Amino acid sequence: MTFVKRAITTIVGLPLVILLVYLGGIPLLVVVAIFALVGLREFYLAFSKTDRAVHAVGYVATVGYFAAIYVFGAGYWLLIVLTLFIITVQTCLVVFYKKLPISECISIVYGFLYVPFLLSFLVLVREHTLGYYYVWLIFTASLGCDTVAYLTGSLFGKNKLKGSPSPSKSVEGLIGGVVGATLIGLVYGLAVSHFAADYEATQYIVLIAAVISFLGAIFSVIGDLAASAVKRHCEIKDFGNVFPGHGGVLDRIDSVVTVAPIVYMVMSVMVWFLVA
């Protein structure tokens, strides 16, 4: 039954994701912002077990942060929003000193950095000059690594990751996931270089895609294990139940939020170095 639910969710959700990423612009930004808000609430509930008024600081900061991306794009304005957010949390700690534990403030800041901030790089990659070609690598690296790791681990996994947040995973599965995602990215780069009309923009995409996919796959594993560590700390199985058979928003994007900023940074540096 769980497999059927997962399959239906994937069949319905995947085309919508592809459409939104293809369109980019406001549709993608709005949906990513909504996912960020839902994921942030899941994170706060995992730590606090209930909604608290102080969580509104994180939600307001999320809306303001994505509004700044829409108006100004990537730049120092995003640092201003982050600074104001942290100062606001500090102010709450002082004003409500007797009622607000410092651990709550830490979870509020970490939750914002973990979900809305990291997830926003999906939008920033797409809105980059060459982002249309590279944004898909976020998904090939994260989902590709996860899928190939599962298959490899199921077939060949013998050495478990003892002492990790997810001890059921195997070393063979993780290696297979990284190698598989890198090969998928390499094939994608070859396809784009062959079919894309803009040769100048894509002449180095095979090399860049291979590097991005390799590093992205490694950080995809880190993102997955980090989410497992948070869930173990909070003693929960899933962050939510938004997606039948898959859990909550954070259960679905735990790798994406870690891969997206890696793609943005590697893409920006390599494109500037090779293409500019």
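The values are calculated or read from the model by the stated rules, or taken from the named source; none is laboratory data. Computed from a predicted model, the values in this text were never measured in an experiment. Note that each Cβ is placed from the backbone with ideal geometry, even for glycine, and that neighbours are counted across all protein chains shown. Only protein heavy atoms, including side chains, enter the accessible area calculation; ligands, DNA and RNA are left aside. Shrake-Rupley method; radii C 1.70, N 1.55, O 1.52, S 1.80 Å.
Here's the yes/no breakdown for (1) surrounded by 19 or more Cβ atoms within 10 Å (Cβ to Cβ); (2) closer than 19 Å to VAL259 by Cβ:
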position	(1), (2)
SER170	yes, no
GLY173	yes, yes
VAL178	yes, yes
ILE184	yes, yes
VAL187	no, yes
SER193	no, no
ALA196	no, no
ILE205	yes, yes
ALA217	yes, yes
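Taking residues in segment 129-146 that are farther than 11 Å from TYR264 by Cα, and partners anywhere that are modelled with pLDDT of 90 or more and acidic (Asp, Glu), the pairs with Cβ atoms closer than 8 Å and at least 6 places apart or on different chains are ASP146/ASP224. Six or more apart or on different chains, Cβ under 7 Å: which pairs go from a residue in segment 196-223 that's over 15 Å from VAL269 (Cα atoms) to one that's modelled with pLDDT under 95 and acidic (Asp, Glu)? Could you list them? Listed by first residue and then by second, the contacts come to SER220/ASP146; GLY223/ASP254.
For ILE87, all conditions in the list (1) part of a helix (DSSP H, G or I); (2) open to solvent by less than 70 Å² (accessible area, probe 1.4 Å) hold save one; what is the number of the exception? The single condition ILE87 does not satisfy is (2). Among residues of segment 37-58 being under 18 Å from the mean Cα position of the chain (by Cα) and open to solvent by 20 Å² or more (accessible area, probe 1.4 Å), the one that is nearest to VAL242 (Cα to Cα) is VAL38.
Only one residue in PHE121, PHE112 is in contact with a Pro (Cβ under 9 Å, 6 or more places away or on another chain), in a helix (DSSP H, G or I), closer than 26 Å to LEU45 by Cβ and open to solvent by less than 50 Å² (accessible area, probe 1.4 Å). Which one?
Numbers: PHE112 fails: in contact with a Pro (Cβ under 9 Å, 6 or more places away or on another chain).
Selected residue: PHE121, the only one of PHE121, PHE112 that is in contact with a Pro (Cβ under 9 Å, 6 or more places away or on another chain), in a helix (DSSP H, G or I), closer than 26 Å to LEU45 by Cβ and open to solvent by less than 50 Å² (accessible area, probe 1.4 Å).
Quick check on segment 243-251. Is at least one of its residues within 16 Å of TRP136 (Cβ to Cβ) and among the β-branched types (Val, Ile, Thr)? The answer is no, given that none of the residues of segment 243-251 is within 16 Å of TRP136 (Cβ to Cβ) and among the β-branched types (Val, Ile, Thr).
Residues in segment 124-160 that are open to solvent by 50 Å² or more (accessible area, probe 1.4 Å) and farther than 25 Å from LEU207 by Cβ: TYR150, LEU151, SER154, LEU155, PHE156, LYS158, ASN159, LYS160.
For segment 65-82, how many residues are in a helix (DSSP H, G or I) and within 21 Å of MET265 (Cβ to Cβ)? Walk me through how you get there before you give the answer.
So the first thing to find is which residues in segment 65-82 are in a helix (DSSP H, G or I), and the list is 65-72, 76-82.
Next cut, within 21 Å of MET265 (Cβ to Cβ) only: 65-66, 68-69, 72, 76-82.
The number of residues fulfilling the criteria is 12.
Close contacts from segment 248-273, counting a first residue that is touching a residue at least 12 places away in the same chain (Cβ under 8 Å) and over 14 Å from GLY131 (Cβ atoms) and a second that is open to solvent by less than 20 Å² (accessible area, probe 1.4 Å) and of a type in the set (Val, Ile, Thr), with Cβ to Cβ under 8 Å and a gap of 6+ residues or different chains, come to LEU250/VAL115; VAL256/ILE138; VAL257/VAL115; VAL259/ILE138; ILE262/ILE212.
Considering only segment 242-251, I want to know if a residue exists there that is open to solvent by less than 40 Å² (accessible area, probe 1.4 Å), under 16 Å from the mean Cα position of the chain (by Cα), within 29 Å of GLY75 (Cβ to Cβ) and at pLDDT below 95.
Let us first name the residues in segment 242-251 that are open to solvent by less than 40 Å² (accessible area, probe 1.4 Å), namely 245-251.
From what is left, the residues that are under 16 Å from the mean Cα position of the chain (by Cα) are 246-251.
Okay, now just the ones that are also within 29 Å of GLY75 (Cβ to Cβ), so 249-250.
Checking which are at pLDDT below 95 leaves us with 249-250.
Yes, because at least one residue in segment 242-251 is open to solvent by less than 40 Å² (accessible area, probe 1.4 Å), under 16 Å from the mean Cα position of the chain (by Cα), within 29 Å of GLY75 (Cβ to Cβ) and at pLDDT below 95.
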